[in-house]
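Here is the structure we will look at, set down as structure tokens.
The values are calculated or read from the model by the stated rules, or taken from the named source; none is laboratory data. What you see is a predicted model, and the numbers here were worked out from it, not measured in a lab. A quick note on method: Cβ atoms are made from the backbone with ideal geometry, for glycine too, and the neighbour counts reach across all protein chains shown.
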Amino acid sequence: MHLKPLTSLRFLFALMVFVSHLDFLRRSNYEWLRTVYQDILVHGYIGVSFFFILSGFILTHVYHSQIDASKKERKKFFIARLARIYPLHFVTFLIAIPLMFWGQEINAKGWLLGLSNATLTQSYLPFKELYFSFNGPSWSVSCEVFFYLCFPFLLRFFVKIGQLKYYLTAALALTILLLPHFIDSQWHHGLFYINPLFRIVDFILGIVLYDLYVHLKSKKPLIHFTRLELLSIGVFMLFFSLRNKVSETALYSVFYWIPMMGMILVFAFQKGKISEILSHKYALWLGEISFGFYMIHHLVLRYFTLGNGKLEWVTNDYIIISILLSISIIGAGISHRFFEVPLNRMIRHKCK
């Protein structure tokens with residue numbers, strides 16, 4: 001069953017990532033925009049945490065009946081997932097090359113950076129020059145590929161250990177909570193926000209959350225879901241309002257686990273009025289193009305900033321934001337219809 005509201009929510013959290021990258025607003029002539037960006041929008045990076053938890057939840061929803069899949073089926077699963085994300089990643093990687101080496105020669109370090117991006121291994125080492133190279137947002141795709149490789153084995157392992165998986169997940173979460181106290185803060189961003197070995201806990205939380213969803217769904221709870229949806233949004237906003245009370249490292253993932261899991265769980269039932277709005281065809285379309293939007297928005301921003309900085313086409317920041325958002329959405333829509341979907345089908349067909 002297609003969980004429509006969760007598809008639409010993907011775009012909203014991708015939009016959060018988009019606004020977090022509007023760094024030029026720090027120097028805006030409009031005091032209100034400067035303040036809003038520095039106090040609120042800059043924190044939009046937390047949308048990636050939502051993607052990781054949702055990924056574990058959705059993959060379990062789709063593939064939970066294939067726990068005992070053969071090696072051949074596991075291969076088909078991985079090819080299907082790679083066909084979904086790699087073609088666009090590779091194209092955006094190529095588009096980012098001129099930005100990466102503008103006015104300089106490609107040396108040995110450049111080739112190594114390029115190889116790590118092409119193979120989606122750039123998130124494994126905690127060096128910003130590496131994981132944010134070329135098309136910066138693709139570091140999270142590097143994490144996703146790692147999750148995909150682990151997923152079939154995690155699913156089978158969790159079935160074998162039964163109830164112990166909840167204690168194991170709790171232990172992993174506690175480890176991520178405590179580890180920052182034993183690691184120098186200069187490595188926190190590269191490890192606790194970027195590294196897939198650490199971020200897989202978010203993914204596992206999504207897998208375990210699906211068990212709770214199945215359990216509650218079988219009980220058919222008599223709950224007013226619109227109120228529950230509003231409550232889940234309210235809890236998320238409450239946590240967001242308390243962001244200055246916790247460490248920056250906690251904000252990378254841990255602090256938002258509860259509100260994000262709550263939103264995913266509640267909206268998975270698709271029974272409230274907000275779910276009804278999120279299930280509208282236009283909201284769904286935005287959700288379906290959200291991966292393309294996420295992958296191209298930063299390139300749009302960088303190329304536009306480069307051109308506009310030289311030619312000064314537009315100086316009004318509100319207009320600039322509108323242009324960047326429009327180009328990113330239109331570009332993502334074109335990419336989804338004429339590139340991502342057709343190529344995905346072709347790859348999957350050939351690998352049957």
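Brief remarks follow.
- Candidates ALA96, ALA118, ALA108, filtered to the one that is closer than 21 Å to VAL17 by Cα and among the small types (Gly, Ala, Ser): ALA96
- Residues being more than 11 Å from ALA96 (Cα to Cα) and either in contact with an Asp or Glu (Cβ under 8 Å, 6 or more places away or on another chain) or crowded, with 20+ Cβ neighbours inside 10 Å (or both) - total across region 124-137: 3
- Considering SER218, SER253, the condition of being under 21 Å from GLU144 (Cα atoms) and modelled with pLDDT under 95 is satisfied by SER253 alone.
- Out of SER49, SER8, SER20, sole residue that is in contact with a Gly (Cβ under 6 Å, 6 or more places away or on another chain), modelled with pLDDT of 95 or more and buried (at least 20 other Cβ atoms within 10 Å of the Cβ): SER8
- Residue in region 310-328 that is modelled with the highest pLDDT, counting only those that are of a type outside the set (Asp, Glu) and assigned to a loop (DSSP other than H, G, I, E, B): ASN316
- Filter pass, GLY272 being without any contact (Cβ under 8 Å) to a residue 60 or more places away in the chain, buried (at least 19 other Cβ atoms within 10 Å of the Cβ) and of a type in the set (Gly, Ala, Ser): yes
- For region 15-47, a tally of residues being of a type in the set (S, T, N, Q) and in a helix (DSSP H, G or I) returns 3.
- LEU284 surrounded by fewer than 21 Cβ atoms within 10 Å (Cβ to Cβ), free of Cβ contacts under 8 Å to residues at least 60 places away in the same chain and either assigned to a helix (DSSP H, G or I) or of a type outside the set (D, E, K, R) (or both): no
- When the helices (runs of 4 or more DSSP H) confined to region 90-208 are screened for residues that are in contact with a Pro (Cβ under 8 Å, 6 or more places away or on another chain) and under 28 Å from GLY292 (Cβ atoms), those reaching at least 3 such residues are found at 139-161.
- Selection count where residues are without any contact (Cβ under 8 Å) to a residue 40 or more places away in the chain and within 21 Å of THR305 (Cβ to Cβ), scope region 319-349: 7
- Filtered residue count, region 59-96, keeping only those that are within 18 Å of TYR213 (Cα to Cα), in contact with a helix residue (DSSP H, G or I) (Cβ under 7 Å, 6 or more places away or on another chain) and modelled with pLDDT of 90 or more: 3
- Residues in region 229-281 that are of a type in the set (S, T, N, Q) and in a helix (DSSP H, G or I): SER232, SER241, ASN244, THR249, SER275.
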